[in-house]
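Below is one structure, written out as structure tokens; comments come after it.
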Amino acid sequence: MTDSYKFNWRYVSHTPPGRPFDLAGAITPRADKRFDGAVDAYCDGAYIGRCEFSSIDADCASSAAAQIRKRIELRIEDRVKKENQTSH
């Protein structure tokens, strides 16, 4: 088993006002050929929170990270939409 695969990326929301999000995460391989992972999210320098994922079915750590990135980006878009709806 290998060590955790760490990753960082910046995501700019497509939903107005187009806020940037800084995300840092790690993927850890499991003995059953699945992965666990977690992502910490920041917006405008403020910590938003952590999303944890378990039992990710992927061929490799980078594939698991790509799945997590897609899920997180969808959650960000949903959150920004909800915040925009409540502020109007």
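The values are calculated or read from the model by the stated rules, or taken from the named source; none is laboratory data. Please read these numbers as outputs of a predicted model, since none were measured by experiment. For neighbour counting, all protein chains shown are included, and Cβ atoms are generated from backbone atoms with ideal geometry for every residue, glycine included. Just the protein is used for accessible areas: all its heavy atoms, side chains included, with ligands, DNA and RNA removed. Shrake-Rupley method; radii C 1.70, N 1.55, O 1.52, S 1.80 Å.
Here are some conditions: (1) more than 16 Å from K6 (Cα to Cα); (2) in contact (Cβ under 8 Å) with a residue 40 or more places away in the chain. G25 meets all but one. Which one does it not meet?
Condition (1) is where G25 drops out.
Select from region 2-29 the residues that are open to solvent by less than 50 Å² (accessible area, probe 1.4 Å) and not in a loop (DSSP other than H, G, I, E, B) and list them in ascending order. Show your work before the answer.
First, the residues of region 2-29 that are open to solvent by less than 50 Å² (accessible area, probe 1.4 Å): 7, 9, 11, 13, 15, 18, 20-21, 23-27, 29.
Listed by number, the residues that qualify are F7, W9, Y11, P20, F21, L23, A24, G25, A26, I27, P29.
Can you find, within region 30-88, the residue that is modelled with the lowest pLDDT among those that are in a helix (DSSP H, G or I) and of a type in the set (D, E)? Before the answer, list the steps.
Residues of region 30-88 that are in a helix (DSSP H, G or I), as a first pass: 61-86.
If we keep only those that are of a type in the set (D, E) too, we end up with 73, 77-78, 83.
On the way: E73: 90, E77: 87, D78: 89, E83: 82.
Top of the filtered list is E83.
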